[in-house]
1. Report the residue count in segment 136-160 for those that are closer than 25 Å to residue 274 by Cβ and outside any helix (DSSP H, G or I).
2. Give the residues of segment 140-159 that are closer than 20 Å to residue 57 by Cα and charged (D, E, K, R), sorted by residue number.
3. Here are some residues: 50, 18. Which one is under 19 Å from residue 174 (Cα atoms), in contact with a strand residue (DSSP E or B) (Cβ under 8 Å, 6 or more places away or on another chain) and buried (at least 22 other Cβ atoms within 10 Å of the Cβ)?
4. Name the single residue that is surrounded by the most Cβ atoms within 10 Å (Cβ to Cβ) among those in segment 99-135 being among the acidic types (Asp, Glu) and part of a helix (DSSP H, G or I).
5. Residues in segment 1-32 that are at pLDDT below 50 and part of a loop (DSSP other than H, G, I, E, B): how many?
6. Could you check how many residues of segment 78-96 are in a strand (DSSP E or B) and crowded, with 22+ Cβ neighbours inside 10 Å?
7. Condition test on residue 215, is it in a helix (DSSP H, G or I) and either modelled with pLDDT of 95 or more or surrounded by 14 or more Cβ atoms within 10 Å (Cβ to Cβ) (or both)?
8. Working only within segment 49-64, note down all residues that are over 18 Å from the mean Cα position of the chain (by Cα) and either in contact (Cβ under 8 Å) with a residue 12 or more places away in the chain or under 16 Å from residue 89 (Cα atoms) (or both).
Amino acid sequence: MDNAAHDMLHAPPLPDTFVLGAPKCGTTALTRYLDAHPQLFVAERKDIHFFGADLDFRNRPRETRQRYLERFSSDHAVDAVRRVDSSVWYLYSRSAVAEMAAFHPDARAIALIRHPVDAMYALWSQLRLNGLGDETIDDFGEAVAAEPDRRRGLRIPPHTPLPSALLYREVVSFSQQLSRAFEALGRDRVFVVVQEEMKTDTEGTLRALFDWLGVRSDVEIDTRPVNTAKAVRSESVRKLLRLMPGSMKRAVPAGLRQGLSKRLRGMNARHEKRQPLSDALRRTLDMDLAEEISRVEAVLGRPIPSWRTADGASVAAATTSAQST
């Protein structure tokens with residue numbers, strides 16, 4: 001046996017299951033549920049984003065293939081039925097799923113979606129919460145209206161890590177994103193989780209998902225809410241965190257600086273129900289995205305009742321969910 005054949009025979013199995021996360025659509029919660037299943041291995045680090053060459057991350061070098069595979073080389077990973085990589089921008093990426101299909105011949109994907117208006121508003125709120133200036137427009141309606149400028153590279157905060165995340169309507173173009181995933185992998189290899197349905201019937205969603213993954217569906221999972229909605233305690237502190245002098249940034253090691261920043265941002269946040277959108281803005285966005293909701297249902301081949309009112313209109317309730325997972 002030559003060296004190449006020996007290495008192939010003894011190489012650890014590749015990650016084969018990918019959570020196509022979408023921001024504020026339940027990625028964190030679902031990743032925790034998967035990680036709690038004894039027959040699954042989930043990479044310790046969420047949001048690796050090894051795939052998605054088109055994602056315009058700033059100041060974030062992509063991992064090497066060797067480093068990425070090392071994350072799945074433990075005994076637990078080798079013994080697991082499936083090995084999972086979960087990253088929140090995989091569904092948004094135009095190339096990630098095709099890259100996964102080329103990477104593993106039996107790749108499977110779990111895609112998460114949420115009512116588009118709720119997802120947009122929750123994402124904007126999260127970016128505003130981040131202390132490093134991910135989103136500097138403090139009015140959601142204005143931030144949505146700024147998308148044409150931002151598509152031209154204007155009004156992009158200098159410290160935002162992913163400029164395309166500010167194109168809120170594109171982020172929630174779930175019909176196109178799901179169609180890409182189905183085309184790359186095949187419909188039977190993509191499991192779609194609707195965040196509202198997972199929240200309403202978490203145990204039923206997990207049973208169906210575990211069956212689809214070929215693992216035991218009778219495992220008890222802690223399904224208490226995670227990543228609930230937060231608000232900024234002090235806008236002044238948030239701005240101060242963003243304006244850290246360059247000399248201080250250079251003097252403090254990156255790992256320590258990031259850990260300290262995360263801790264300070266956590267201290268400057270409080271858990272509270274997200275304020276609902278104004279009725280006027282909610283109606284406008286609901287009407288703007290009504291066709292997109294119909295397209296998502298057409299792609300899935302089924303209705304999504306939780307995205308519609310009792311009369312069947314493609315309009316969500318005038319309040320926004322308190323849980324933003």
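1. Total meeting the criteria: 10.
2. If the condition is that a residue be closer than 20 Å to residue 57 by Cα and charged (D, E, K, R), then 147, 149, 150, 151, 152, 155 are the ones that fit.
3. 18 is the lone residue from the list that is under 19 Å from residue 174 (Cα atoms), in contact with a strand residue (DSSP E or B) (Cβ under 8 Å, 6 or more places away or on another chain) and buried (at least 22 other Cβ atoms within 10 Å of the Cβ).
4. Within segment 99-135, the match that is surrounded by the most Cβ atoms within 10 Å (Cβ to Cβ) is 118.
5. Qualifying residue count for the region: 1.
6. 5
7. It is false that residue 215 is in a helix (DSSP H, G or I) and either modelled with pLDDT of 95 or more or surrounded by 14 or more Cβ atoms within 10 Å (Cβ to Cβ) (or both).
8. Within segment 49-64, 59, 61, 63 qualify.
The values are calculated or read from the model by the stated rules, or taken from the named source; none is laboratory data. What you are looking at is a predicted structure, and each value in this text was computed from that prediction instead of being measured. So basically every Cβ, Gly included, is an ideal-geometry build from the backbone, and we count neighbours across all protein chains shown.
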